Structures are given as structure tokens and as C-alpha cells.
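Below: the structure, in C-alpha cells.
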Amino acid sequence: MEDIKMEMTDQPVHQQKRSTSSPQKARKKRRHSDTVTMHQRSCRIDVNETTKIVYKIGTELKANLYRCAPPESRFFSVRCSPKIHYKILPVAKDQNAAAYPLTPNSLLFITMDTASEAANDRKLSVRYYKANKDTIGNAVVHFTVVEISLDVDADRDGIVEKNNPNKASWKWGPDGHGAIVLVNCDSESGYYKKIDSEKKEITKVSDLHDMSKMILRINGPSELPEGYKLSMHISKPASESIRVFRPRVNKGGQADQWHYKLLKLFLKDYVMVVGKDVLADEVPYLGGKTELQFYVEGLRFPDKDFDGLVTINLSLLEPSGKGCPETPIFTDQVMFRVSPWIMTPNTLKPITVFVCSTDDNLAFLKSIRKLVESSGYKLKVCHEYMNRGDRWMQDEIEIGYIDAPHHGFPVVLDSPRDRELNDFPYEVLLGPDFGYVTRHALDEVVTSLDSFGNLEVSPPVTVNGKSYPLGRIIIGVAFPTATLGRNMTQVVQEFLWAQKVQEPVALYSDWLVVGHVDEFLSFVPAPDRKKFRLLLASPDAGYKVFKSLQNSGHGKAEMFPGLEEAITVDDILGDKQLQAENNYVQNCIDWNRDVLKKELGLDEDDIIDLPILFKILEEEEGDRRAVAYYPDMVNMLVLGNQLGIPKPFGPQVNGKCALETEVCSLLEPLGLKCTFIDDFAPYHKKLGEVHCGSNVLREASKFKWWNLEL
């Protein structure tokens with residue numbers, strides 16, 4: 001048998017306790033150990049040859065002493081290095097005995113709490129005795145003790161803490177836990193744009209900021225015993241959702257210290273560990289007390305087939321023998337959740353307004369520029385070479401954002417409408433810290449309801465005690481009982497639902513020719529109540545204004561004064577067909593009003609009715625749907641307390657538009673300032689308005705989505 005050439009102890013079992021230098025340190029260590037869950041692992045010992053075991057701190061080894069004992073064994077004793085702690089079960093009656101009775105249930109439990117300085121520097125022996133106490137065999141075990149921890153920012157404070165007990169799970173709420181990863185959907189490229197997550201390698205330093213840090217912390221000897229190695233591995237579904245990168249290390253196994261200094265020049269020194277088509281790879285063991293930093297990159301957003309959760313595993317593998325696969329003797333696990341895509345409501349602060357330049361909207365563009373710049377915001381114009389005559393900026397895109405404790409940036413959702421503006425979000429908006437995502441309707445018919453004038457979001461609301469601090473998404477669909485009708489494609493709806501944090505509300509919008517919810521609703525900030533008001537288009541409110549004009553002797557005043565469409569108040573009120581059509585429209589809006597009150601937790605005092613009339617058009621297919629009779633004032637641009645409202649060209653009373661006067665009387669008491677913009681020819685006559693022709697990048701909400709109670 002191999003002699004144990006180091007200091008050993010054969011103290012009785014009850015004396016094999018952790019040593020400390022002071023009672024105070026002992027108390028601290030006991031408190032720490034109380035919070036650590038020991039992972040138990042069975043191990044084998046052999047009386048015929050020395051057994052070599054790599055021990056990971058935080059585990060408890062269990063050896064069945066009867067299983068490997070020589071046939072005539074009746075007693076045994078244990079000796080070990082001072083830094084090894086053990087206990088024997090069942091507990092012997094005479095704990096001061098030199099040898100203990102061997103039974104089929106004799107178990108040895110081993111723990112250690114300090115890392116090895118060299119391989120195989122801890123030793124333990126089990127000596128077996130016959131009935132007459134003669135030695136019959138000796139089992140020797142050499143231990144290499146390592147401390148291994150795969151760590152993430154599980155407490156969401158922007159710092160990767162060591163061995164957080166919640167790192168392998170994810171929980172919503174302010175008291176929740178779990179790491180977060182961003183979809184790396186922006187582009188650090190120059191002229192030839194490509195979404196970063198679609199590239200095979202890291203090309204710029206700034207790309208690392210979009211990824212979540214994950215750290216492998218090691219404490220142990222300079223090298224592991226021969227055959228042992230670390231392996232990182234993920235599941236096949238996870239490989240479609242994340243990639244993990246690490247810096248290269250030199251042949252000696254140490255991280256290249258100069259690598260970090262020359263990062264900008266040697267970015268190809270970052271290699272992918274796991275990701276698409278790579279489910280597992282060996283990870284360098286650096287030895288000593290070291291840290292190896294990894295970068296985790298999200299590849300896709302939550303969707304119908306992906307809940308956003310991904311798990312990464314790190315295993316310590318033990319050689320099993322020539323021709324046999326390695327055996328995992330320890331696995332550490334961390335979990336990430338991919339940040340959802342989040343929409344921004346009108347109540348958040350604007351940053352940049354986007355609008356198109358066309359050959360017929362110069363006056364409109366000047367009005368928008370004056371409003372935006374006087375409000376202190378930026379204006380970016382999409383010129384004709386890019387928009388190719390497509391002026392409907394709101395319909396092509398919706399600008400939201402993604403967020404994590406370490407970073408966040410805006411992300412444009414590109415609609416499946418794919419008309420002349422289709423290149424704008426990718427070619428113009430996509431860039432450093434401005435992401436891009438889209439959904440393609442491969443097997444569905446794309447209709448006008450897939451344009452993003454049909455996609456809005458409410459300000460924060462509370463409904464029956466349930467809080468929606470990021471608001472609720474609002475979409476328009478066909479009437480629930482309709483057998484035929486247009487709907488937003490399922491691929492887009494499923495994407496919106498999968499984000500979870502802004503649970504969608506479906507309204508009936510198919511009664512409109514264009515079919516967008518922004519044709520009959522908007523939200524504006526307010527100083528009281530819920531801090532906003534819902535604005536609804538209201539034919540009833542419109543007729544009330546016109547009847548008041550008629551009753552006050554202004555029946556001959558003209559709608560659309562000075563335009564070829566001019567018509568008197570009396571003629572409008574005398575048109576019974578128009579009134580019937582508006583009664584139908586009011587019914588449709590009232591149906592949506594009831595849904596909004598229920599789903600957003602609104603009272604009547606939270607709603608303002610704007611005076612807007614509609615008319616019914618017969619479409620080529622024979623369907624009859626509604627459009628705004630005059631510029632639809634609810635379809636406005638909201639920039640803080642500044643409102644860019646379509647100029648309605650209403651009847652003039654004392655030199656002022658009666659419709660403008662009415663709208664100002666409703667909104668100005670809220671501290672809002674109304675600017676009426678002439679969009680009649682370039683937008684209204686083409687079945688759109690100010691909101692349809694503009695888009696706004698807004699600041700992200702101060703509320704962190706991971707604190708949402710779900």
C-alpha cells in the first residue's frame with residue numbers, strides 16, 4: 001500500500017471539525033455555511049490502487065466503505081490531512097475507539113473548504129481490519145480541491161456577484177432575481193450594415209457593451225490533474241437564442257494580459273464558446289485565483305415558441321478511462337431572460353421626430369419643423385431618395401426599446417407592410433445602439449391592419465388592482481363576431497403578446513377603410529387623475545358643435561372655407577345619410593370605448609371626446625367602411641405638452657375656426673398647447689393625417705420591466 005507522506009490525523013470522528021483562528025471567524029464561517037447548500041456526490045475508493053479525485057468546494061463526497069472493503073473486513077479506521085473534514089455514519093457507539101465496526105451501511109462523508117495549492121495535495125486513507133484487528137487492506141485517496149463558480153448579475157444591480165444562490169432561476173418583481181441579456185440587434189458596422197447578432201464574430205469593442213457579462217471564477221492549483229477539464233454547454237433550443245464569447249488564452253493556459261490593452265486591434269481574439277450549431281465546448285482552466293470573463297449575446301426576442309429564458313451550464317468533467325466518455329462530477333448553472341421589446345407611450349419625453357419629405361408636403365414639413373424645433377426636440381427628415389414617395393412614417397415602423405441593468409437602447413420594429421419606406425428602418429435607423437427587429441408574414445395575407453398606425457400603447461394604468469407600469473399595447477382587429485374581415489397578422493400579434501410586459505388590448509378597427517386605431521384614439525399627458533387623458537373621436541361631439549352653430553345663427557357658415565369641398569353647417573346637418581353613417585361610426589367607437597374603459601381601468605372623466613365626423617366609402621370589393629369627413633384631429637403628434645393637430649377647416653365664427661376653438665377648450669385646461677397643422681392636401685385627402693405621417697423616438701420608461709409583478 002502507498003505510504004502517506006504527509007501529516008495525517010486519526011482523531012475520533014467528533015473531533016474532525018473545521019479549524020478557525022478565532023471564535024469570531026468561526027461564527028462568521030458558520031453563518032456562511034448555513035446559507036450554502038451542499039451538493040452531495042458519490043465517490044468510489046479502492047484498496048488496490050490510489051484513487052485520485054478532484055473535489056469542488058461546496059460539495060459533499062459520500063463513499064460506501066463496505067462496498068470496497070476486502071471480504072474478511074470487520075473494522076476500519078480513517079486518517080486524513082488536516083484540511084479534510086469527514087464524518088462517519090452510522091455513528092459508532094464508542095467514538096473514541098481506534099477502529100469502528102464495518103457494516104453494510106458504513107458511509108464516509110468528506111468536505112473541504114480551502115483550495116489546493118498543488119494537484120493531489122490532500123490525502124485520506126481508510127484502513128480495514130480483520131476480526132482480530134489485523135490490517136487487511138488500505139484505501140488511499142488523493143484530493144485536488146478547486147473552487148469553481150459561474151457567475152452572472154442575478155440581483156440586477158449591474159455587477160456580477162459571486163455565487164448568487166438564485167443565479168440558476170428567474171423571478172419577476174422588485175424582490176425578484178435572475179440575469180438579463182439583450183438581443184444584440186443593433187449594428188456596429190460602418191457602410192455595409194449588418195445586425196451584430198447575424199455576424200460570426202465580434203468586430204468592434206462597442207459590441208461588447210451590448211452583451212451581458214458572465215464570469216468564471218477559479219481558485220485552485222495551476223493545473224487540473226490529467227484528463228480533467230471544464231466544459232460549457234447549452235441545449236439545442238438555447239443555441240437558437242444566445243451565443244457566448246470569451247477572450248482567447250495562450251498555450252500556457254493563462255489569459256493574455258496584453259489582450260485587454262490591445263483590445264481595439266485584436267478583436268478576433270474573442271471566440272465563440274457556444275451558440276448556433278455549437279452546443280458544447282471546452283473552457284480553459286486558468287488556475288490560481290483567476291477570473292475568465294464571458295460575454296453573453298441574445299439572438300432573438302421572446303415569441304410564440306420562446307419564453308425568453310435560457311440556461312447556460314458549466315461542468316467539471318472527470319476522465320473515465322481510455323475509450324470512455326468523461327463523466328460530469330459537478331455542474332454549475334445560470335439563467336438569463338431576454339429583454340422584451342417595449343413600446344413608449346405619448347406621455348414619455350420625445351427625443352427625435354421623424355417625418356418624410358415628398359414633392360407635395362413642403363408647407364406641412366415647415367409646420368412640423370417649426371413645432372418640433374420650438375419644442376426643443378430634434379427633427380430628422382427622410383428624403384425622397386429613401387422614402388420613394390411613401391410618406392406614411394407611422395405605418396412603416398414603431399420605435400421601442402430594450403433594457404438591462406448594464407445597458408439599453410432603442411429598437412425599431414419594422415412592420416410587414418413592406419412598401420416604399422421599407423429600407424428606411426434598416427438603412428437609416430439601424431446603427432450603433434439603435435436596434436432593428438421585424439416579423440415576416442410568410443403564410444398570411446398582409447393588410448392595412450398590419451401597418452403600425454394600428455399599433456399604439458397606453459400610458460401606465462392600474463386595472464382592478466393589477467398594475468401595468470409600462471402601459472398596455474393597443475391593436476385593431478376585425479369585430480369578434482365577424483366571419484370575414486381584416487386582422488393584424490398572427491405573427492405580429494404573437495410577437496407582441498410574447499413580450500409579456502405590455503399585455504395587448506384588441507379593439508375593433510376594421511370598420512375603417514384604413515383600419516388603424518390611431519384614427520379614433522390618442523393619449524395626451526395631463527397633470528391630474530391618471531396623469532393622462534384618452535382622446536376619442538366622437539361624431540356625437542361633432543354634431544353637437546354643428547347644432548350649436550346652427551342654433552346660434554351660423555348655419556350658413558361653411559365647412560372647408562375657401563376650398564372646393566366647402567359646405568354649410570345647414571347642409572351638413574340636413575344630410576340624413578351622413579348622420580346615419582355617423583350613428584354607425586359612433587356605435588363602433590362606443591364599443592371600443594367600453595373595451596378601453598374595462599381594459600385600462602378608465603372612468604368617464606379620463607376620456608375626452610373630440611368633435612370629428614366620418615363618412616362611409618364603398619370599396620372596390622363592395623365593402624363599406626369609414627373615413628374621416630374632415631381632418632381627423634385625434635390623429636395628432638404629441639410632443640410633451642405641445643400638440644400638432646390636423647387643421648380641421650371648420651366653420652369660421654368671429655374669424656376663428658369653431659372646431660379648433662372647441663378642441664382648445666377641451667385640451668388647454670390640461671396645460672396643453674394646440675398647434676393646428678394644414679395636412680389637408682398631402683395627407684388627409686390620401687386618408688391619413690399628422691400622426692400617420694410622423695414618428696417619435698422617446699426616452700425609455702424609468703420603470704424597469706423586470707420589476708413588473710406577473
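The values are calculated or read from the model by the stated rules, or taken from the named source; none is laboratory data. As the structure is a computational prediction, the values presented were derived from the model and not from experiment. We place every Cβ from the backbone using ideal geometry, glycine too, and count neighbours over all the protein chains shown.
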_So, Tyr285, is that one outside the structural domain of Glu456 (by TED's automatic domain parsing), in a loop (DSSP other than H, G, I, E, B), in contact (Cβ under 8 Å) with a residue 12 or more places away in the chain and buried (at least 18 other Cβ atoms within 10 Å of the Cβ) or not?_
yes
*Can you tell me which residues in segment 452-467 are over 17 Å from Val437 (Cβ atoms) and out of contact with any helix residue (DSSP H, G or I) (no Cβ under 8 Å at 6 or more places or on another chain)?*
Pro459, Pro460, Thr462, Asn464, Gly465, Lys466, Ser467
_For segment 460-514, which positions are under 19 Å from Ser701 (Cα atoms) and in a loop (DSSP other than H, G, I, E, B)?_
Pro460, Pro469, Leu470, Gly471, Arg472, Gln499, Lys500, Val501, Gln502, Glu503, Pro504
*Within segment 62-91, track down each residue that is more than 20 Å from Asp134 (Cα to Cα) and of a type outside the set (Val, Ile, Thr).*
Lys62, Ala63, Asn64, Cys80, Ser81, Pro82, Lys83, His85, Tyr86, Lys87, Leu89, Pro90
*Of all residues in segment 186-216 being within 15 Å of Leu429 (Cα to Cα), in a loop (DSSP other than H, G, I, E, B) and touching a Lys or Arg at 6+ places or on another chain (Cβ under 9 Å), the one that is modelled with the lowest pLDDT*: Ser189
*asked:* So, Leu549, is that one closer than 22 Å to Val585 by Cβ, surrounded by 14 or more Cβ atoms within 10 Å (Cβ to Cβ), modelled with pLDDT of 95 or more and touching a helix residue (DSSP H, G or I) at 6+ places or on another chain (Cβ under 6 Å) or not?
replied: yes
*Assuming Val595 fulfils every condition listed in (1) touching a residue at least 60 places away in the same chain (Cβ under 8 Å); (2) more than 15 Å from Ile474 (Cβ to Cβ); (3) of a type outside the set (Phe, Trp, Tyr) apart from one, which condition is it?*
(2)
*Single unsatisfied condition, Leu429 versus (1) buried (at least 22 other Cβ atoms within 10 Å of the Cβ); (2) touching a Leu at 6+ places or on another chain (Cβ under 8 Å); (3) not small (Gly, Ala, Ser)*: (2)
*Can you find a residue in segment 124-146 that is without any contact (Cβ under 8 Å) to a residue 40 or more places away in the chain and under 22 Å from His39 (Cα atoms)?*
no
_When residues of segment 34-60 are limited to those that are assigned to a loop (DSSP other than H, G, I, E, B) and of a type in the set (S, T, N, Q), the one modelled with the lowest pLDDT_ = Thr37
*Check whether at least one residue in segment 493-506 is within 26 Å of Asn582 (Cβ to Cβ), in the same structural domain as Thr447 (by TED's automatic domain parsing), surrounded by 17 or more Cβ atoms within 10 Å (Cβ to Cβ) and modelled with pLDDT of 95 or more, and report yes or no.*
yes
*Please go through segment 260-282 and pick out each residue that is outside any loop (DSSP other than H, G, I, E, B), under 17 Å from Met211 (Cβ atoms) and modelled with pLDDT under 50.*
Tyr260
*Could you tell me which residue of segment 531-546 is farthest from Leu596 (Cα to Cα), considering only residues that are charged (D, E, K, R) and surrounded by fewer than 20 Cβ atoms within 10 Å (Cβ to Cβ)?*
Lys544
*Evaluation of His516 against (1) out of contact with any Asp or Glu (no Cβ under 8 Å at 6 or more places or on another chain); (2) under 22 Å from Arg624 (Cα atoms) (one fails), failing number*: (1)
*Residue match in segment 320-338 (condition: surrounded by 22 or more Cβ atoms within 10 Å (Cβ to Cβ) and touching an Asp or Glu at 6+ places or on another chain (Cβ under 7 Å))*: no
*Tell me which of these His209 doesn't satisfy, since it passes every other one: (1) without any contact (Cβ under 8 Å) to a residue 60 or more places away in the chain; (2) in contact with a strand residue (DSSP E or B) (Cβ under 8 Å, 6 or more places away or on another chain); (3) of a type outside the set (A, V, I, L, M, F, W, C).*
(1)
_I'd like the full set of residues that are at pLDDT 95 or above and of a type in the set (Phe, Trp, Tyr), limited to segment 217-248._
Phe245
*Please give the number of the condition Asp423 fails out of (1) of a type outside the set (A, V, I, L, M); (2) in a loop (DSSP other than H, G, I, E, B); (3) without any contact (Cβ under 8 Å) to a residue 60 or more places away in the chain.*
(2)
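Condition (residue is of a type outside the set (A, V, I, L, M, F, W, C), within 39 Å of the chain's Cα centre (by Cα) and over 15 Å from Ser548 (Cβ atoms)) applied to segment 607-619: is it met by at least one residue?
There is no residue in segment 607-619 that is of a type outside the set (A, V, I, L, M, F, W, C), within 39 Å of the chain's Cα centre (by Cα) and over 15 Å from Ser548 (Cβ atoms).
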*Considering only segment 562-638, give the strands (runs of 3 or more DSSP E) lying wholly within it that have at least 1 residues that are exposed (fewer than 15 other Cβ atoms within 10 Å of the Cβ) and of a type in the set (Phe, Trp, Tyr).*
none
_Here is a check on your reading of the model: is Glu709 assigned to a loop (DSSP other than H, G, I, E, B) and surrounded by fewer than 20 Cβ atoms within 10 Å (Cβ to Cβ)?_
yes
